[in-house]
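See structure below.
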Amino acid sequence: MRKKEVMRLTNKNTKITKELKIKELLKSREVEVRRDAVYSLKKLKDKALTVNLLIQCFQDIDWRVRKSATDILIGIKDLSVIKKLIDTLYSENANTRNSAIEVLTAFGSDAIDSLTDGFKAANPDVKKFIIDIIGNIRDARVTQFLLKEIFDKANDDNVKAAAIEHLSKIKSKDVVDNLLSVLKGDDLFLCYYAINALGKIGDDRSISALISALPRKELRKPAIKALGQIAGNVSLSSITPFLKDESKGVCEETIVAIENFHINGLPEEVIVTEIKKSAGDDALNILLPFADSHKKEVKKAAILLLCLLKEKSAISAILEISSEMEPQKNIIRALVYIGKAIPDALMPYLSSGDVYQRRILCDVAGRTGLPVFFKPLVKMLKDKDSHSRAKAAQALSIIGNIEAAKYIKTLLSDEYEDIQESAIAAMAVLKDGVDISELIGLLSDKNPVLRRSSAKLLGLIGEKKAVEPLGVALKDSDLRVRNAVIDAIGAIDGKEVLKYLLLALTDEHFDVRRSAAIAISRMKTKKAFEALLLLLRDTDVWVRATAVKGLGQTKHNTAVKHLIAALNDKSGIVRNAAIEALAGFREKRVKNALLLLLKDKDPEIRSTTVNSLAVFEGVAKDLLPVLKDKDWAVRKQVVDVLGKFFRDESSSYLQEAADTDSDPEVRKAAERYFSV
């Protein structure tokens, strides 16, 4: 249908003009036909007609057509276009207004002067639209404009409120001072918005004024919320008395605000003291009803505060909440707090039927650091849930009793690799409780999993006596074991280490040779350097790339000629590695070698080269021609380099890219740097 319609309306013999053809296509029932017609508008020579038709497309019932029109208009950044779009804000069609707002916002700083001019004569609704547009533009002029409008008596309160909302995103002294001035006024409506903005900004200088607003019933809830958002230590005592407020809404806001102080890191003891000062023996009775609130944030906050008050019934509730979502840090802290005070209250939950509760309690038990949890955690090492086993091992390592090592050892051959890794990490912490001779003996165990785990653990411990036995294990029949052995040898500091790593370079499997290359690259010796040079001729791409990276890390000038030679490797992976490595050598020969690659056939090579050239002084002039590269990703990389390192000298070119580049991502990147 789509093809037939387009052919019918674009037949060479038709006498209607191109403009009429496009207008006709824009009325098609087919969405894709209308979209094609929108893109055809770019070919019209009459710019004014193009703009008018694109704006008409804002009324299209399909969002895809409207989006196509906005994308094209964003690329036509012109004063006349901006003025037409401002006129469009008066439209009664919501789609039309929203599309105009999107384009004007995308124009950014270029639209500010016209928007502020249009604001003067606009009606309240359009003024609010303009406030919303300007408020989303990053420009120094925005702050002063918004501040001016909140004090203009001619403005509608909704316009002022919108300006205040946008000021909440600007954290400056000037903004805070002006919002505090609003708060001193008599307009409760604007005071409400000012308080919300001050809470979002989070400046401690607001605390005193917010506390002063608490006696005003109409402002009490937002003031409590704002104080909770700022969570300044001195203000907690000002809001805890409202736990006994006659308004349920105020009580709820107070509970959530107090939790915010906890989230912000205020010690549990301080919070508990202030709650008891204000609520006394009634604290539990006040909080318990809110623990059943239908409002999730109120319920969670109330339960957490009950935990801090060491209310045992709150433990199951807070664990239930944590089972439903990833437990937040402050919930774990609360459980640790109650666990340190009354550890027996947590014990039953270590054998809970809920797997998530067992996992959480393992974390909590470990963080308490209390020996009383040693035996329950040892028992948890046999839990049917793999994550619980891993967390138990970690918790035991935190408690630090080296006797735990012999129990954790069983997990070295666990069926799941992540549990094996947890056991290895835990035993490394408890290394004084590890029998090294036994561990070395496991290198020849029948189970390859156990051989691998013991090798990794020996490496983490850094046991020098293990180097020779690990060297023997380089002949292991299992590839994963050999890789673990290489990693372990490379992690141990000893004279014999390099000898075994060089031996591993003869392994038949590329992965072992690559692991050996990584380990050798960390060694700053002549023999290690020579070994890396040999690996540049390896048959495997990844081994060669690893050797190239290792040579770069040596920072030795003699590596440069070999890295430049690697630029001619047949593999793009190796070439990219060489380009990245050469960025560490700021020599003229390196710069010249990299400049030649700006014309390489591979766009990824060109892009990597642009990034590596960023470290050289005066390279901006060499990168400017690459702004015309046929690949958008390369052009964006040039924009990023020029914007980050050479913005002053490249500003006119960044502006041109923002205005004319064919790709929206490149234009967006250029606009970001130009408007900073």
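The values are calculated or read from the model by the stated rules, or taken from the named source; none is laboratory data. Nothing here was measured: the structure is a model prediction, and the numbers come from that model. Note that each Cβ is placed from the backbone with ideal geometry, even for glycine, and that neighbours are counted across all protein chains shown. Areas reflect the complete protein model, heavy atoms only, side chains present, ligands, DNA and RNA absent. Shrake-Rupley method; radii C 1.70, N 1.55, O 1.52, S 1.80 Å.
Does residue 184 fit the bill of being over 16 Å from residue 222 (Cα atoms) and among the basic types (Lys, Arg)?
Working: over 16 Å from residue 222 (Cα atoms): no; among the basic types (Lys, Arg): yes.
It is false that residue 184 is over 16 Å from residue 222 (Cα atoms) and among the basic types (Lys, Arg).
Yes or no: residue 484 open to solvent by less than 10 Å² (accessible area, probe 1.4 Å), at pLDDT 85 or above and either touching a Leu at 6+ places or on another chain (Cβ under 7 Å) or not polar (S, T, N, Q) (or both)?
Taking the combined requirement at face value, the residue satisfies it.
Of the numbered conditions (1) farther than 22 Å from residue 659 by Cβ; (2) loosely packed, with under 15 Cβ neighbours inside 10 Å; (3) under 36 Å from the mean Cα position of the chain (by Cα), residue 138 fails exactly one; give the number of that condition.
The failed condition is (1).
Here is a list: 378, 364. Which entry is open to solvent by less than 10 Å² (accessible area, probe 1.4 Å), outside any loop (DSSP other than H, G, I, E, B), under 24 Å from residue 332 (Cα atoms) and touching a residue at least 12 places away in the same chain (Cβ under 8 Å)?
364
Could you check region 558-596 and list, in sequence order, the residues that are touching a helix residue (DSSP H, G or I) at 6+ places or on another chain (Cβ under 8 Å), more than 20 Å from residue 547 (Cβ to Cβ) and aliphatic (A, V, I, L, M)?
595 - this is the single residue of region 558-596 that is touching a helix residue (DSSP H, G or I) at 6+ places or on another chain (Cβ under 8 Å), more than 20 Å from residue 547 (Cβ to Cβ) and aliphatic (A, V, I, L, M).
Which residue pairs have Cβ atoms closer than 6 Å, lie 6 or more positions apart in sequence or on different chains, and pair a first residue in region 264-288 that is under 14 Å from residue 233 (Cα atoms) with a second residue that is among the small types (Gly, Ala, Ser) and surrounded by 14 or more Cβ atoms within 10 Å (Cβ to Cβ)?
Listed by first residue and then by second, the contacts come to 264/231; 274/237; 275/283.
Only one residue in 101, 86, 72, 76 is assigned to a helix (DSSP H, G or I), farther than 20 Å from residue 139 by Cα, out of contact with any Asp or Glu (no Cβ under 6 Å at 6 or more places or on another chain) and open to solvent by 10 Å² or more (accessible area, probe 1.4 Å). Which one?
On the way: 101 fails: farther than 20 Å from residue 139 by Cα; 86 fails: farther than 20 Å from residue 139 by Cα; 76 fails: assigned to a helix (DSSP H, G or I).
None of the other options fit; the residue is 72.
Could you identify the single residue in 470, 457, 501, 474 that is over 14 Å from residue 515 (Cβ atoms) and open to solvent by less than 30 Å² (accessible area, probe 1.4 Å)?
457
List every residue pair whose Cβ atoms sit under 9 Å apart, with the two residues 6 or more apart in sequence or on different chains, where the first one lies in region 602-624 and is part of a helix (DSSP H, G or I) and the second, anywhere, is open to solvent by 40 Å² or more (accessible area, probe 1.4 Å) and of a type in the set (Phe, Trp, Tyr).
Qualifying pairs under 9 Å: 620/645; 620/653; 624/653.
Among 176, 182, 234, 159, which is the only one that is open to solvent by 60 Å² or more (accessible area, probe 1.4 Å) and part of a helix (DSSP H, G or I)?
234
Does region 386-408 contain any residue that is within 26 Å of residue 468 (Cα to Cα), open to solvent by less than 30 Å² (accessible area, probe 1.4 Å) and in contact (Cβ under 8 Å) with a residue 40 or more places away in the chain?
Within region 386-408, not a single residue is within 26 Å of residue 468 (Cα to Cα), open to solvent by less than 30 Å² (accessible area, probe 1.4 Å) and in contact (Cβ under 8 Å) with a residue 40 or more places away in the chain.
Quick check, is residue 580 under 27 Å from the mean Cα position of the chain (by Cα), surrounded by fewer than 21 Cβ atoms within 10 Å (Cβ to Cβ) and among the acidic types (Asp, Glu)?
So residue 580 fits the description; yes.
Within region 185-220, track down each residue that is closer than 22 Å to residue 257 by Cβ, open to solvent by 40 Å² or more (accessible area, probe 1.4 Å) and of a type in the set (A, V, I, L, M, F, W, C).
Answer for region 185-220, where residues must be closer than 22 Å to residue 257 by Cβ, open to solvent by 40 Å² or more (accessible area, probe 1.4 Å) and of a type in the set (A, V, I, L, M, F, W, C): 188, 211.
Given the options 12, 47, 43, 3, name the one that is at pLDDT below 90, among the basic types (Lys, Arg), open to solvent by 40 Å² or more (accessible area, probe 1.4 Å) and more than 45 Å from the chain's Cα centre (by Cα).
Only one candidate qualifies: 12.
Any idea which residue in region 21-31 is modelled with the highest pLDDT, counting only those that are open to solvent by less than 60 Å² (accessible area, probe 1.4 Å) and in a helix (DSSP H, G or I)?
31
Anything in region 533-552 that is modelled with pLDDT under 90 and in a helix (DSSP H, G or I)? List them, or say none.
534, 535 - these are the residues of region 533-552 that are modelled with pLDDT under 90 and in a helix (DSSP H, G or I).
Restricting the search to region 123-148, which residues are assigned to a helix (DSSP H, G or I), touching a helix residue (DSSP H, G or I) at 6+ places or on another chain (Cβ under 8 Å) and among the polar types (S, T, N, Q)? Spell out how you get there, then give the answer.
Pass one, region 123-148, residues assigned to a helix (DSSP H, G or I): 124-135, 140-148.
Checking which are touching a helix residue (DSSP H, G or I) at 6+ places or on another chain (Cβ under 8 Å) leaves us with 124, 126-135, 141-143, 145-147.
Answer for region 123-148, where residues must be assigned to a helix (DSSP H, G or I), touching a helix residue (DSSP H, G or I) at 6+ places or on another chain (Cβ under 8 Å) and among the polar types (S, T, N, Q): just 143.
Scan 662, 652 and give me the residue that is among the polar types (S, T, N, Q), open to solvent by 50 Å² or more (accessible area, probe 1.4 Å) and in a loop (DSSP other than H, G, I, E, B).
662
Give the number of residues within region 580-601 that are free of Cβ contacts under 8 Å to residues at least 12 places away in the same chain and either in a helix (DSSP H, G or I) or of a type in the set (Val, Ile, Thr) (or both).
4
For residue 37, are the conditions met, namely being in contact (Cβ under 8 Å) with a residue 12 or more places away in the chain and either closer than 30 Å to residue 150 by Cα or open to solvent by 20 Å² or more (accessible area, probe 1.4 Å) (or both)?
Judged against the criteria, residue 37 is not a match.
Quickly run through region 480-523 and pick out the residues that are of a type in the set (Ser, Thr, Tyr) and within 33 Å of the chain's Cα centre (by Cα).
515, 521
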